[in-house]
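**Student:** Below you will find the structure I want to go over with you.
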Amino acid sequence: RYLHIGTGNYHAGTARLYSDLGILTNDQDLGRDATELFNYLTTGYTPERYYRKLLPAPKVLKAALLARIQLERSLHGADKPGLIQFKMNALEDADITRALYEATRDGVTVDLIVRDTCRLRPGIPGLSDNVNIISIVGRFLEHTRIFYFRNGGEEEYYIGSADLMKRNLESRVETVVPVETPALRQELRQIIDLQLADRRAAWDMRSDGSYVQRRPRDG
(Lines give C-alpha, C1' and ligand atoms only; values in the text may rest on other atoms or scores of the structure.)
Protein backbone atom coordinates (compact mmCIF):
# COMPACT_ATOMS: atom_id res chain seq x y z
CA ARG A 1 0.00 0.00 0.00
CA TYR A 2 1.02 3.57 -0.58
CA LEU A 3 -0.73 6.86 0.13
CA HIS A 4 -0.41 10.59 -0.22
CA ILE A 5 -1.32 12.92 2.64
CA GLY A 6 -1.34 16.65 2.02
CA THR A 7 -1.93 19.85 3.93
CA GLY A 8 -4.38 21.31 1.42
CA ASN A 9 -7.01 20.79 -1.24
CA TYR A 10 -6.55 18.72 -4.40
CA HIS A 11 -7.67 21.56 -6.60
CA ALA A 12 -5.98 22.82 -9.75
CA GLY A 13 -7.03 26.41 -9.13
CA THR A 14 -5.91 26.80 -5.54
CA ALA A 15 -2.70 24.88 -6.30
CA ARG A 16 -1.54 27.93 -8.25
CA LEU A 17 -2.07 30.23 -5.27
CA TYR A 18 -1.64 28.16 -2.10
CA SER A 19 1.59 26.89 -0.59
CA ASP A 20 1.10 23.33 0.68
CA LEU A 21 3.06 20.23 1.60
CA GLY A 22 2.39 16.57 0.92
CA ILE A 23 4.01 13.26 1.67
CA LEU A 24 3.92 10.20 -0.60
CA THR A 25 4.78 7.07 1.35
CA ASN A 26 4.60 3.29 1.37
CA ASP A 27 5.02 3.13 5.15
CA GLN A 28 3.08 0.00 6.05
CA ASP A 29 1.79 1.30 9.39
CA LEU A 30 0.40 4.42 7.71
CA GLY A 31 -1.07 2.26 4.97
CA ARG A 32 -2.90 0.14 7.52
CA ASP A 33 -4.05 3.26 9.35
CA ALA A 34 -5.42 4.79 6.14
CA THR A 35 -7.23 1.56 5.27
CA GLU A 36 -8.78 1.46 8.73
CA LEU A 37 -9.90 5.07 8.45
CA PHE A 38 -11.45 4.59 5.02
CA ASN A 39 -13.15 1.38 6.13
CA TYR A 40 -14.71 3.27 9.01
CA LEU A 41 -15.83 6.11 6.73
CA THR A 42 -17.41 3.75 4.17
CA THR A 43 -19.03 1.26 6.54
CA GLY A 44 -19.63 3.41 9.61
CA TYR A 45 -18.69 0.49 11.80
CA THR A 46 -15.58 -1.01 13.30
CA PRO A 47 -15.33 -2.71 16.70
CA GLU A 48 -12.28 -0.75 17.80
CA ARG A 49 -10.25 1.73 15.84
CA TYR A 50 -6.52 1.49 16.41
CA TYR A 51 -4.14 3.84 14.61
CA ARG A 52 -0.42 3.15 14.72
CA LYS A 53 0.84 6.50 13.42
CA LEU A 54 -1.99 8.47 11.83
CA LEU A 55 -3.70 11.12 13.98
CA PRO A 56 -7.22 11.50 12.56
CA ALA A 57 -9.89 13.93 13.70
CA PRO A 58 -12.41 14.02 15.21
CA LYS A 59 -11.63 11.07 17.51
CA VAL A 60 -7.84 11.10 17.95
CA LEU A 61 -6.12 14.30 16.86
CA LYS A 62 -7.15 16.79 19.53
CA ALA A 63 -6.39 14.47 22.42
CA ALA A 64 -3.03 13.58 20.83
CA LEU A 65 -2.01 17.23 20.46
CA LEU A 66 -3.06 18.08 23.99
CA ALA A 67 -1.08 15.10 25.29
CA ARG A 68 2.02 16.22 23.40
CA ILE A 69 1.72 19.77 24.71
CA GLN A 70 1.43 18.39 28.23
CA LEU A 71 4.45 16.14 27.63
CA GLU A 72 6.48 19.15 26.47
CA ARG A 73 5.62 20.86 29.76
CA SER A 74 6.73 17.86 31.77
CA LEU A 75 10.01 17.48 29.85
CA HIS A 76 10.94 21.16 30.06
CA GLY A 77 14.01 21.95 32.13
CA ALA A 78 17.12 24.11 32.20
CA ASP A 79 19.17 21.44 30.46
CA LYS A 80 16.45 20.57 27.92
CA PRO A 81 14.22 23.61 27.40
CA GLY A 82 10.83 22.88 25.88
CA LEU A 83 9.94 24.13 22.42
CA ILE A 84 6.65 23.98 20.50
CA GLN A 85 6.40 25.38 16.98
CA PHE A 86 3.20 25.35 14.92
CA LYS A 87 2.49 26.70 11.44
CA MET A 88 -1.17 26.85 10.42
CA ASN A 89 -4.01 28.97 9.12
CA ALA A 90 -5.82 29.51 12.41
CA LEU A 91 -5.67 28.89 16.17
CA GLU A 92 -9.19 29.10 17.54
CA ASP A 93 -9.77 26.01 19.71
CA ALA A 94 -10.07 27.05 23.36
CA ASP A 95 -8.59 23.84 24.80
CA ILE A 96 -5.47 23.99 22.62
CA THR A 97 -5.07 27.70 23.38
CA ARG A 98 -5.36 27.09 27.12
CA ALA A 99 -2.84 24.25 26.95
CA LEU A 100 -0.33 26.46 25.12
CA TYR A 101 -0.77 29.20 27.73
CA GLU A 102 -0.09 26.68 30.48
CA ALA A 103 2.98 25.35 28.68
CA THR A 104 4.55 28.76 28.13
CA ARG A 105 3.73 29.79 31.70
CA ASP A 106 5.89 26.84 32.76
CA GLY A 107 8.74 28.14 30.57
CA VAL A 108 8.18 26.30 27.29
CA THR A 109 8.91 28.50 24.26
CA VAL A 110 6.00 28.62 21.82
CA ASP A 111 6.57 29.89 18.27
CA LEU A 112 3.46 30.20 16.12
CA ILE A 113 3.17 31.05 12.42
CA VAL A 114 -0.56 31.73 12.07
CA ARG A 115 -1.76 33.31 8.85
CA ASP A 116 -5.26 34.21 10.02
CA THR A 117 -7.22 34.04 13.28
CA CYS A 118 -5.23 33.52 16.49
CA ARG A 119 -6.82 33.46 19.95
CA LEU A 120 -3.54 33.31 21.83
CA ARG A 121 -1.85 36.61 22.73
CA PRO A 122 1.93 36.85 23.14
CA GLY A 123 3.92 38.90 25.61
CA ILE A 124 1.43 39.01 28.50
CA PRO A 125 3.56 39.21 31.66
CA GLY A 126 3.41 36.04 33.71
CA LEU A 127 1.25 34.27 31.15
CA SER A 128 2.77 34.30 27.67
CA ASP A 129 6.24 35.80 28.01
CA ASN A 130 7.73 32.99 25.94
CA VAL A 131 5.28 33.18 23.02
CA ASN A 132 6.16 34.54 19.59
CA ILE A 133 3.43 34.84 16.95
CA ILE A 134 3.82 35.96 13.36
CA SER A 135 1.56 36.08 10.34
CA ILE A 136 3.09 35.87 6.88
CA VAL A 137 1.34 37.63 4.01
CA GLY A 138 3.09 37.31 0.69
CA ARG A 139 2.67 36.31 -2.93
CA PHE A 140 1.18 32.90 -2.08
CA LEU A 141 -1.45 31.98 0.47
CA GLU A 142 0.33 30.30 3.37
CA HIS A 143 -1.70 27.11 3.75
CA THR A 144 0.75 24.60 5.21
CA ARG A 145 0.17 22.97 8.58
CA ILE A 146 3.30 21.87 10.46
CA PHE A 147 3.43 20.79 14.11
CA TYR A 148 6.79 20.46 15.90
CA PHE A 149 7.66 19.32 19.44
CA ARG A 150 11.24 19.23 20.74
CA ASN A 151 10.19 16.33 22.99
CA GLY A 152 13.28 16.31 25.19
CA GLY A 153 15.55 15.94 22.16
CA GLU A 154 13.51 13.19 20.47
CA GLU A 155 12.03 15.66 18.01
CA GLU A 156 8.61 15.12 16.47
CA TYR A 157 7.40 16.66 13.21
CA TYR A 158 3.87 16.37 11.84
CA ILE A 159 2.05 17.71 8.80
CA GLY A 160 -1.62 17.50 7.95
CA SER A 161 -4.87 19.06 6.89
CA ALA A 162 -6.16 20.34 10.24
CA ASP A 163 -6.08 23.85 11.59
CA LEU A 164 -6.40 24.17 15.37
CA MET A 165 -10.05 25.14 15.23
CA LYS A 166 -12.92 23.48 17.05
CA ARG A 167 -14.60 22.63 13.74
CA ASN A 168 -11.45 20.95 12.41
CA LEU A 169 -10.67 19.05 15.58
CA GLU A 170 -14.16 17.99 16.62
CA SER A 171 -16.52 18.18 13.63
CA ARG A 172 -14.53 17.17 10.55
CA VAL A 173 -12.48 14.26 9.30
CA GLU A 174 -8.90 15.50 9.15
CA THR A 175 -5.56 13.69 9.12
CA VAL A 176 -2.18 14.57 10.57
CA VAL A 177 0.83 12.35 9.92
CA PRO A 178 4.30 12.11 11.47
CA VAL A 179 7.28 12.90 9.25
CA GLU A 180 10.10 10.52 10.16
CA THR A 181 12.54 10.58 7.21
CA PRO A 182 15.58 12.69 8.25
CA ALA A 183 15.85 14.53 4.91
CA LEU A 184 12.16 15.49 4.99
CA ARG A 185 12.40 16.59 8.61
CA GLN A 186 15.32 18.81 7.63
CA GLU A 187 13.16 20.42 4.95
CA LEU A 188 10.46 21.15 7.53
CA ARG A 189 13.08 22.62 9.87
CA GLN A 190 14.29 24.88 7.09
CA ILE A 191 10.75 26.10 6.36
CA ILE A 192 10.08 26.89 10.02
CA ASP A 193 13.42 28.63 10.57
CA LEU A 194 13.21 30.70 7.39
CA GLN A 195 9.71 31.89 8.12
CA LEU A 196 10.42 32.74 11.74
CA ALA A 197 13.40 34.81 10.56
CA ASP A 198 11.51 36.53 7.72
CA ARG A 199 11.94 40.33 7.64
CA ARG A 200 9.80 41.21 4.63
CA ALA A 201 6.42 39.46 4.69
CA ALA A 202 6.10 38.69 8.41
CA TRP A 203 3.89 40.60 10.83
CA ASP A 204 4.49 40.31 14.58
CA MET A 205 1.45 40.06 16.84
CA ARG A 206 1.59 42.29 19.90
CA SER A 207 0.03 41.59 23.27
CA ASP A 208 -3.06 43.64 22.45
CA GLY A 209 -3.75 41.54 19.35
CA SER A 210 -2.56 44.12 16.83
CA TYR A 211 0.17 43.45 14.30
CA VAL A 212 3.26 45.34 13.19
CA GLN A 213 5.10 44.52 9.99
CA ARG A 214 8.76 43.64 10.21
CA ARG A 215 11.30 45.66 8.28
CA PRO A 216 14.54 44.51 6.66
CA ARG A 217 17.60 45.22 8.75
CA ASP A 218 20.07 47.78 7.45
CA GLY A 219 23.02 46.23 5.66
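The values are calculated or read from the model by the stated rules, or taken from the named source; none is laboratory data. Quick caveat, the model's predicted, so the values are computed rather than measured. Positions of Cβ are backbone-derived with ideal geometry, glycine not excepted, and every protein chain shown enters the neighbour counts. Surface areas here come from the heavy atoms of the whole protein model, side chains and all, with no ligands, DNA or RNA. Shrake-Rupley method; radii C 1.70, N 1.55, O 1.52, S 1.80 Å.
**Student:** Out of the residues in region 145-168 that are more than 12 Å from the chain's Cα centre (by Cα) and under 16 Å from C118 (Cα atoms), which is surrounded by the most Cβ atoms within 10 Å (Cβ to Cβ)?
**Tutor:** N168
**Student:** Could you check region 192-206 and list, in sequence order, the residues that are more than 14 Å from F86 (Cβ to Cβ) and open to solvent by less than 60 Å² (accessible area, probe 1.4 Å)?
**Tutor:** D198, A201, A202, D204 - these are the residues of region 192-206 that are more than 14 Å from F86 (Cβ to Cβ) and open to solvent by less than 60 Å² (accessible area, probe 1.4 Å).
**Student:** Restricting attention to region 84-116, which residues are part of a loop (DSSP other than H, G, I, E, B) and either free of Cβ contacts under 8 Å to residues at least 40 places away in the same chain or among the aliphatic types (A, V, I, L, M) (or both)?
**Tutor:** A90, D106, G107, V108, R115, D116
**Student:** Give me the pairs: first residue in region 1-19 and closer than 17 Å to L37 by Cα, second residue outside any loop (DSSP other than H, G, I, E, B) and of a type in the set (K, R), beta-carbon distance under 9 Å, and six or more apart or on different chains, which are they?
**Tutor:** Once the first residue is closer than 17 Å to L37 by Cα and sits in region 1-19, its partners that are outside any loop (DSSP other than H, G, I, E, B) and of a type in the set (K, R) give R1/R32.
**Student:** Output the number of the condition that P81 fails; it satisfies all remaining conditions of (1) surrounded by fewer than 18 Cβ atoms within 10 Å (Cβ to Cβ); (2) over 22 Å from R189 (Cβ atoms); (3) in contact (Cβ under 8 Å) with a residue 24 or more places away in the chain.
**Tutor:** Among (1) surrounded by fewer than 18 Cβ atoms within 10 Å (Cβ to Cβ); (2) over 22 Å from R189 (Cβ atoms); (3) in contact (Cβ under 8 Å) with a residue 24 or more places away in the chain, P81 violates only (2).
**Student:** On the given criteria, is E142 among the charged types (D, E, K, R), open to solvent by less than 50 Å² (accessible area, probe 1.4 Å) and closer than 30 Å to F38 by Cβ?
**Tutor:** Answer is yes for this residue.
**Student:** Looking at this structure, is L127 surrounded by fewer than 18 Cβ atoms within 10 Å (Cβ to Cβ), of a type in the set (A, V, I, L, M) and outside any helix (DSSP H, G or I)?
**Tutor:** yes
**Student:** While we're here: Run K62 past the list (1) surrounded by fewer than 19 Cβ atoms within 10 Å (Cβ to Cβ); (2) touching an Asp or Glu at 6+ places or on another chain (Cβ under 7 Å); (3) touching a residue at least 40 places away in the same chain (Cβ under 8 Å); (4) in a helix (DSSP H, G or I) and report the number of the one that doesn't hold.
**Tutor:** (1)
**Student:** Continuing with the same structure: Just need a number here: residues in region 22-55 that are open to solvent by 50 Å² or more (accessible area, probe 1.4 Å), in a loop (DSSP other than H, G, I, E, B) and touching a residue at least 24 places away in the same chain (Cβ under 8 Å).
**Tutor:** So the answer is 1.
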